[in-house]
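So the structure is just underneath, and the comments pick up after that.
A short reminder: the numbers here are calculations on the coordinates, not readings from a lab. Note that the coordinates shown come from a computational prediction; the quantities given were computed from them, not determined experimentally. FYI the Cβ positions are ideal-geometry reconstructions off the backbone, even for glycines, and counts take in every protein chain you see.
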Amino acid sequence: MRLHVKYFARLREHLACAEEVLDAAQGWTVRDLLKHIAARGEPWASQLRDPVLLVAVNQSMSTLEANLHEGDEVAFFPPVTGG
Amino acid sequence: MRLHVKYFARLREHLACAEEVLDAAQGWTVRDLLKHIAARGEPWASQLRDPVLLVAVNQSMSTLEANLHEGDEVAFFPPVTGG
Amino acid sequence: MQDLRPRVRIQSEAIDMASEDALLATAAGPAAGARVGFSGQVRATHEASLEALWLEHYPGMTERLLLEIGEEAQRRWSVLAVTIVHRVGLMQVGDLIVWVGVASAHRQEALTACACIMDRLKTEAPFWKKEISSAGESWVEARASDERARQRWVQEAPARRPGASD
Amino acid sequence: MQDLRPRVRIQSEAIDMASEDALLATAAGPAAGARVGFSGQVRATHEASLEALWLEHYPGMTERLLLEIGEEAQRRWSVLAVTIVHRVGLMQVGDLIVWVGVASAHRQEALTACACIMDRLKTEAPFWKKEISSAGESWVEARASDERARQRWVQEAPARRPGASD
């Protein structure tokens with residue numbers, strides 16, 4: 001299944017990547033996706049291991065246990081600092 | 001001693017009096033002044049007996065026990081409703 | 001900057017909120033990250049069709065009391081600048097009666113100081129409203145909920161000795 | 001009137017507070033006795049001379065989340081109208097970053113709803129600030145005090161059953 005993955009702010013800068021499209025196996029959770037991306041080596045490994053990282057699936061906040069589906073938009077970003 | 005007495009809002013309307021200058025005896029408290037004015041009969045008596053009435057001496061909120069002095073400005077008014 | 005006195009205005013002309021807010025921002029300076037503005041306006045009542053509102057005040061005492069309320073709020077929450085503008089005389093539905101502006105470094109101080117100023121203004125400042133409607137004229141009664149709102153701030157404040165004359 | 005949706009805007013242009021406030025007043029109608037406006041602006045920092053602020057957001061999710069925050073505040077405090085305008089892109093010291101306006105019949109509802117919206121916006125809406133100063137560029141870190149402020153509203157909310165249809 002195809003996933004649209006986005007990165008924001010500090011994370012986007014360190015990865016030098018704003019978004020990408022990935023092919024994933026059926027039944028993956030957000031945690032499986034995270035492991036898959038981290039396995040690319042640096043800077044991915046250390047950036048995606050950041051414990052304060054937040055994740056949204058289809059523009060709603062999500063946990064690592066959420067199941068992913070065809071066409072989902074998954075975003076990773078640091079704690080927010082607007083307003 | 002001379003006192004400047006002011007009445008506001010509902011009280012001013014019912015008394016048909018916005019302000020007056022009164023001669024008072026030395027040593028009077030606000031309560032003495034109030035009794036003196038109420039002794040004029042109606043509408044003064046019932047209007048000044050109103051238990052929610054507030055009093056200010058020289059533009060600061062006061063109690064009935066406060067002592068009055070030459071030239072003091074004494075104001076009587078109903079609870080405030082601004083803002 | 002914190003030593004700036006509150007700006008207090010009683011006026012019969014319409015309140016120009018935008019220029020009051022600009023003055024507040026200038027007074028507070030570049031350290032002000034937050035600004036809260038409260039606008040109180042003449043609202044339509046359900047009971048009778050309100051045609052106008054008449055607002056009377058005690059000249060002199062009002063200015064003095066609003067300044068005191070503003071200064072105390074400024075000290076208590078270390079806010080950078082305070083503005084209190086109150087209109088008197090004849091007003092229509094939708095007109096601004098009062099505008100209170102507070103500027104501070106962070107948002108909580110400005111929001112709290114603004115709430116406190118309004119609660120004290122409503123219960124302590126010598127203003128009186130009269131409603132003029134199709135059913136006639138009547139002085140607005142004080143609301144018990146306003147007095148309860150004021151008590152929030154009194155209880156937190158240092159206790160005042162009742163001493164001789166309370 | 002209470003069914004009016006919150007007005008939510010993300011824009012790179014300067015925020016025109018006066019016209020936003022006028023729109024809010026019109027939307028809320030003549031029953032609105034109180035209006036509270038919160039202005040957050042780029043403030044001068046002491047550490048290094050701040051030259052500019054860069055604000056990035058997550059298009060789509062931001063609008064959706066701000067609408068949700070506004071709608072929940074509207075329901076919870078029965079306020080008449082809510083506006084949330086947030087700027088993104090490059091800003092200077094003194095520029096407005098965010099303006100939140102709330103209109104209600106009485107003042108407490110508007111003040112409380114405005115505080116809640118700002119606390120949630122600061123901790124939940126996907127915006128990120130980068131400070132550009134003489135010392136270089138750096139992403140602003142989240143503040144623990146903002147997270148504590150958010151918790152006030154979560155604890156007070158009615159408990160939600162994880163059950164069937166929530």
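Some notes on this structure:
- Between copies, residue A:29 shows label-point distances of 7.6 nm, shortest first, with the point placed 7 angstrom from Cα along Cα to C-beta.
- Convex hull volume per residue, computed on the Cα atoms of the range B:2-77, equals 79 Å³.
- Approximating the spin labels as points 7 Å out from Cα along Cα→Cβ, the residue A:64-to-residue D:78 distance works out to 4.5 nm.
- Inter-chain Cβ neighbour count for C:132-139, averaged per residue, equals 1 (cutoff 10 Å, partner chain atoms only).
- Computed E for residue D:67/residue D:11 - FRET, C-beta separation, R0 25 angstrom, nearest 0.05: 0.95
- Other protein chain Cβ atoms within 10 Å, averaged over every residue that makes up C:110-116: 3
- For chain A, size of Cβ-based charge dipole, Lys and Arg +1, Asp and Glu -1, in debye: 200 debye
- Across the protein assembly as shown, Cα-Cα pairs more than 44 Å apart make up 29 percent of the total.
- The relative contact order of chain A, computed from alpha carbon pairs under 8 Å that lie at least 6 residues apart in sequence, is 41 percent.
- Projected label points at residue B:29 and residue D:105, each 7 Å from Cα along the beta carbon direction, are separated by 4.3 nanometres.
- For chain B, modelled as a GNM whose springs connect Cα atoms under 10 angstrom apart, the maximal fluctuation among B:57, B:21, B:30 occurs at B:21.
- Label zone of residue B:42 (point 7 Å out along Cα→Cβ, amide N under 15 Å): in the range B:60-80 this covers no residue at all.
- Closest-to-axis residue of chain A (Cβ criterion, axis taking A to B), whole Å: A:83, 14
- Between amide H atoms placed 1.01 Å from N, distances below 5 Å from residue C:8 occur with C:84, all of them 5 or more places distant or on a separate chain.
- Mean sequence separation of contacting Cα pairs (under 8 Å, at least six apart), scaled by the length of chain C, corresponds to a relative contact order of 31 percent.
- For chain D, built as a Gaussian network whose Cα springs stay under 10 Å, the top-fluctuating residue of D:101, D:70, D:60: D:60
- When the P(r) of the range D:1-148 is calculated, the portion above 18 Å amounts to 57% of the C-alpha pairs.
- Debye, to nearest 20: dipole size of the range C:7-155, +1 on Lys, Arg Cβ, -1 on Asp, Glu Cβ: 520 debye
- Solvent-free Debye scattering, log10 I(q)/I(0), computed from the Cα coordinates of the range C:18-103 at q = 0.15, 0.20 Å⁻¹: -0.66, -0.98
- Ascending count of other beta-carbon atoms within 10 Å, so fewest first, for D:79, A:5: A:5, D:79
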